[in-house]
Amino acid sequence: MLELRLLQGGLLKKVLEAMRELVTDANFDCSRSGCSLQAMDSSHVALVALLLRSDGFDHFRCDRNRSMGMNLNHVAKLLRCAGNDDIVTLKADDDGDTVTFMFESPKQDKIADFEMKLMDIQSEHLGIPEAEYQAIVKMPSQEFARICRDLSTIGDTVVISVTKEGVKFSTKGDIGSANIVCRQNTTVDKPEESTVIEMKDPVSLTFALRYLISFTKATPLSNTVTVSMSSDLPMVVEYKIADMGYIRYYLAPKIDEDEDQA
Amino acid sequence: MLELRLLQGGLLKKVLEAMRELVTDANFDCSRSGCSLQAMDSSHVALVALLLRSDGFDHFRCDRNRSMGMNLNHVAKLLRCAGNDDIVTLKADDDGDTVTFMFESPKQDKIADFEMKLMDIQSEHLGIPEAEYQAIVKMPSQEFARICRDLSTIGDTVVISVTKEGVKFSTKGDIGSANIVCRQNTTVDKPEESTVIEMKDPVSLTFALRYLISFTKATPLSNTVTVSMSSDLPMVVEYKIADMGYIRYYLAPKIDEDEDQA
Amino acid sequence: MLELRLLQGGLLKKVLEAMRELVTDANFDCSRSGCSLQAMDSSHVALVALLLRSDGFDHFRCDRNRSMGMNLNHVAKLLRCAGNDDIVTLKADDDGDTVTFMFESPKQDKIADFEMKLMDIQSEHLGIPEAEYQAIVKMPSQEFARICRDLSTIGDTVVISVTKEGVKFSTKGDIGSANIVCRQNTTVDKPEESTVIEMKDPVSLTFALRYLISFTKATPLSNTVTVSMSSDLPMVVEYKIADMGYIRYYLAPKIDEDEDQA
């Protein structure tokens, strides 16, 4: 028996919206410690990793490990039927091939349940080693989303360069070139508005903007985003999910011709 | 001479929006007692009936009975030119072939008049006998609209089942199945938020969701909706129009193969 | 060296949005007295004239006269990357072929610069003589925009007729005819809500609605609009830009067959 209950069901909606643009089908892996999901995007360039720890749920029961294949667009469709204040419960029998989502209105006068067939999805769980990064930038998630969106109106790729003073985002396109610099800024009243740079070495890497824009679908999940970069590693873009875990996106830098281009 | 005046002209906009998706051309039948309209939808499956009693108007003069054929999309277009606070007056000569809509701003500094040609529309007025229904459900109109919309993302038809405890809406589709139960609930502070069930016999009927969704275009007209059902009668979905009348939609249940499907 | 600085950068966004629907490429002419732009729309029917006086800028330096050709859609794209509270600076070297837009966030923790290549655009600056008009109507800009939009759902052209009592907008189309009258109205509390008519002779002229609708893209720039008309002159639709100048649109009346049509 698997039974997960979240009083703030709106959170699950945001989690699905943060993944479904990149990934269509994926396995939710559930164990006593929590739920996780790992999947490559359809072009096999970016990787999404989700963790929701069991202690973040209002009720969590998982009698045996399960790997439940789901179409994320279908799940997102079902979740859109939940009110933002609804209590969401996910249930599955140990040997069944379906999963049930139950939505209860706060006053308990409306109860909806949705049954969905599970899918068999081939996937290998990649071990992602913890790494040391040359530079880690923590900044407001809305600012990061705005910068990616703004630059994408001008060019296709972005060069992200980190120095002690700040982080610079640059692009080039038919209509011209753009540079946006965010300065280290830790003196603001609200910590979620600060930009904090931890840097071992300066680093400057090029990425495809369209993936970054997909990553920023996670913006509603967290006020801040953390971007970790090293020359020889995929970048990590992480959004914390309050008290429960995180969603992380991995993307390899572009090399060769791209560095000239943008 | 026909002259109808409504201080709250925004009401007429809502009435037109509630009908124009189902019905293109229809006759407004005016007499001393008020205005009414009855029309089948273009696929001849659903029936719309509107009543606006004369005493609900701020001024009502109808010297002789008129049946004025209008294209509802054209009327809706004209009414969109009225401000929500505008006073709306509808005028027609007894033997003319046009109707004039006049919109006056509350401060009387802007006056608009729109003249539209009337049409000849063949229609028979069906006598709809008052009937006894096995089950009558009164519920918040926004809740009903939300349920129809949510279920339509999953299936094409809905089974509505009424018992003493509540009303259940069920559907089935490619991605799974769904059940939404609204419990009888009369203890809420605001009567318009209550769900009240009057039931002689349990009833369970199947309907095409796309018609129900068209009916819910009337949601802005009323906080509550009343759904009346019997096994051998078309269902009635009624929205009251405060102090003036109602808009009612009639829809026959689906039979045979549909009951298996959803 | 050219350097223009505006603390309220959002203003420039509105200026660009007010022009880019009518004009694609145009020269910004800068001199010590300020910046101006004059361009025909692509169908060579309407003329746009912009004036931003130097004393309206927070910093204005123009060492020698420049005529800088720009694609207005590209400039609008760049300006959309500026926050509404950003300080906007425009810079160009005297003999360079590029222009730089710099956006600084109010807290100075985010600085963006965009470099754009200038274009060579052939254009003659028309001298527009100051004229005496038969009728000048000042009215709320939102009201004017609303009337143009409403009438355009019914017809293609509008007859604007001014008398001492008010201004009348009339149109005709397939679904009927419409007249909207705005009365002279100077007794309102807020002067920006008044409708003021200065009239030497009554005048009645016909215009193509689609140009008027393009002009109303300037509505966010000013609470009021001034419409000046004479029988033998193009109409002028003017929006003041607070403390800086104006944007003016010129449009010739339609003659002959059009006067019958609408």
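The values are calculated or read from the model by the stated rules, or taken from the named source; none is laboratory data. Bear in mind that the values here come from a model prediction, so they are computed numbers and not experimental data. FYI the Cβ positions are ideal-geometry reconstructions off the backbone, even for glycines, and counts take in every protein chain you see.
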Legend entry - Scope segment B:76-99; condition farther than 15 Å from C:Thr171 by Cβ and within 11 Å of chain C (Cβ to nearest Cβ); matching residues: B:Ala76, B:Leu79, B:Ala82, B:Gly83, B:Thr98, B:Val99
Inset, instruction - Only residues that are aliphatic (A, V, I, L, M) and over 30 Å from A:Glu104 (Cβ atoms): list them for segment A:114-131, please. - result: A:Leu126, A:Ile128, A:Ala131
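For A:Arg146, are the conditions met, namely being of a type outside the set (A, V, I, L, M, F, W, C), at pLDDT 95 or above and more than 20 Å from A:Arg248 (Cβ to Cβ)?
On the way: of a type outside the set (A, V, I, L, M, F, W, C): yes; at pLDDT 95 or above: yes; more than 20 Å from A:Arg248 (Cβ to Cβ): yes.
For A:Arg146, the condition - of a type outside the set (A, V, I, L, M, F, W, C), at pLDDT 95 or above and more than 20 Å from A:Arg248 (Cβ to Cβ) - is met.
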Legend entry - Odd one out for A:Gln108 among (1) out of contact with any strand residue (DSSP E or B) (no Cβ under 7 Å at 6 or more places or on another chain); (2) more than 10 Å from every other protein chain (Cβ to nearest Cβ): (2)
Legend entry - Every residue from segment A:113-161 that is within 20 Å of A:Ser194 (Cα to Cα) and either loosely packed, with under 15 Cβ neighbours inside 10 Å or without any contact (Cβ under 8 Å) to a residue 24 or more places away in the chain (or both): A:Arg146
Legend entry - Failed condition for B:Thr187, given (1) within 18 Å of the chain's Cα centre (by Cα); (2) over 21 Å from B:Met40 (Cβ atoms): (1)
Inset, instruction - Please tell me if C:Asn65 is surrounded by fewer than 18 Cβ atoms within 10 Å (Cβ to Cβ), more than 10 Å from chain A (Cβ to nearest Cβ) and touching a Ser or Thr at 6+ places or on another chain (Cβ under 6 Å). - result: yes
Inset, instruction - Restrict the check to segment C:41-52 and report whether at least one residue is hydroxyl-bearing (Ser, Thr, Tyr) and either buried (at least 22 other Cβ atoms within 10 Å of the Cβ) or within 14 Å of chain A (Cβ to nearest Cβ) (or both). - result: no
Legend entry - Spans of strands (runs of 3 or more DSSP E) in segment A:193-262 with at least 3 residues closer than 16 Å to A:Cys148 by Cβ and of a type in the set (Asp, Glu): none
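Can you tell me which residue within segment B:223-262, out of those that are acidic (Asp, Glu) and in contact with a Ser or Thr (Cβ under 9 Å, 6 or more places away or on another chain), is modelled with the highest pLDDT?
Within segment B:223-262, the first condition is being acidic (Asp, Glu), and the residues that meet it are B:232, B:238, B:243, B:256-260.
Filter again for in contact with a Ser or Thr (Cβ under 9 Å, 6 or more places away or on another chain), leaving B:238, B:258-259.
Working: B:Glu238: 98, B:Asp258: 47, B:Glu259: 46.
Looking at residues that are acidic (Asp, Glu) and in contact with a Ser or Thr (Cβ under 9 Å, 6 or more places away or on another chain), I get B:Glu238.
Kindly check whether there is at least one residue in segment A:177-185 that is away from chain B (no Cβ under 13 Å), in contact with a Lys or Arg (Cβ under 9 Å, 6 or more places away or on another chain), in a strand (DSSP E or B) and over 20 Å from A:Val227 (Cα atoms).
Quick first cut of segment A:177-185, residues away from chain B (no Cβ under 13 Å) only: A:177-185.
Checking which are in contact with a Lys or Arg (Cβ under 9 Å, 6 or more places away or on another chain) leaves us with A:178-185.
Of the ones still in play, those that are also in a strand (DSSP E or B) are A:178-183, A:185.
Going one step further and asking which of them are over 20 Å from A:Val227 (Cα atoms), we end up with A:178.
Checked against the condition, which is being away from chain B (no Cβ under 13 Å), in contact with a Lys or Arg (Cβ under 9 Å, 6 or more places away or on another chain), in a strand (DSSP E or B) and over 20 Å from A:Val227 (Cα atoms), segment A:177-185 yields at least one hit.
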Legend entry - Residues (more than 8 Å from chain A (Cβ to nearest Cβ), charged (D, E, K, R) and outside any loop (DSSP other than H, G, I, E, B)) located in segment B:147-176: B:Arg149, B:Lys168, B:Lys172
Legend entry - Selection status of C:Val88, more than 24 Å from C:Val225 (Cβ to Cβ) and touching a helix residue (DSSP H, G or I) at 6+ places or on another chain (Cβ under 7 Å): yes
